[in-house]
Amino acid sequence: MLLNYLYPEMENEWIVQSKGTFYRNYNQDLLWLDQKDHKVQLARDGFLKLLPEGLLTKNSDLQGEDVAQKFKELEWRKELLNETFAPFDTYVFHKKLTIERYTSDLLQKKLEYVLKTYFDFDLESETNPLVKEAAVLLPFVSMWRGDFGFVANLLSALMDCEVERSEGRYSHIDTTICWLPEVRYRLLIPGLTAEEYKSRTEQMQPLIAFIKEWFIPFDVRCDICIREHPDVHNPLHGRITLNYNTELSSQHVETEEENNIKI
């Protein structure tokens, strides 16, 4: 995984030397790396370890006199065999690197796959940034649908503002004999001009539709809109956006003594 991440251009260029899993008891998986010559030593068993014992050596190889010399010859033969089977180990290692890269890409795209397959939501083609951020929560929608407090927190996090929530009853007639539950969210954003208010509201429309579809029960009336944040110290602070394109501005009016009153 690290080789694919650190050296993505060298996926099929590494030359592998498998030293055996015995070394793993004392070392990391990667024993040694030579970036210049593209060589790596691994604490893994290679193709040579798959061969049955006694196929390449005999039990009597260390019997008799001059055991030390015979042991050196066996070690030298072992190195030759490792070099002989190195192309096989390298080939297998390259295949594993390819599989690992494919698996990593697949895991990175698992969210897109889950959303597309189970929720029919194409995250890659979505253009609204607010909806893209909220869509990652779809796999947990069964736990959070109808949780009005969670929706308020979600709106607050996405819009980076304070959110007021109120719940009540809605009826289109002057009686409450028939009514629907209602929840209202007020996004308190201070100091918006009329143009900024319009822009923010238009940007929010896809998010509002997304939240109503996935996180609000079908029998609940939901209203989400932007409101001016109340300023305790200076309620008007020059301009306050009430709703739609309505503005209330505080203006300086000259005194009558200055004989320049303007209405």
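Which log10 I(q)/I(0) values, to two decimals, does segment 45-196 give at q = 0.15 Å⁻¹ under the Debye formula with one point per Cα? Evaluating at q = 0.15 Å⁻¹ gives log10 I(q)/I(0) of -1.02.
Using a probe of 1.4 Å on the protein chains alone, the accessible area found for F88 is around 110 Å². Extending 7 Å from Cα along the Cβ direction at E112 and again at E213 yields two label points whose distance is 1.9 nm. Within the assembled protein chains, the solvent-accessible surface assigned to M10 is about 10 Å², based on a 1.4 Å probe. Compared with the alpha-carbon gap, the fully stretched path from C225 to E196 is longer by 9.1 nm at 0.36 nm per residue. By the rule of a C-alpha distance below 29 Å, with chain neighbours fewer than 8 residues away ignored, the lysines paired with K70 are K19, K49, K58, K78. The GluC sites (Glu not before Pro) of segment 118-167 that meet both conditions, a loop assignment by DSSP and at most 10 other Cβ atoms within 10 Å of the site Cβ, are E124. Largest first, the residues Y7, Y185, Y91 sort by 1.4 Å accessible area into Y91, Y7, Y185. For segment 105-147, the list of trypsin sites (Lys or Arg not before Pro) that fall in a loop by DSSP and count at most 15 other C-beta atoms within 10 angstrom reads K109, R145.
The values are calculated or read from the model by the stated rules, or taken from the named source; none is laboratory data. Every value quoted in this text rests on a predicted model; they were computed, and no experiment measured them. Cβ sites come from the backbone with ideal geometry, for glycine too, and all protein chains shown count toward neighbours. Protein only, heavy atoms only, side chains kept; ligands, DNA and RNA dropped before computing areas. Shrake-Rupley method; radii C 1.70, N 1.55, O 1.52, S 1.80 Å.
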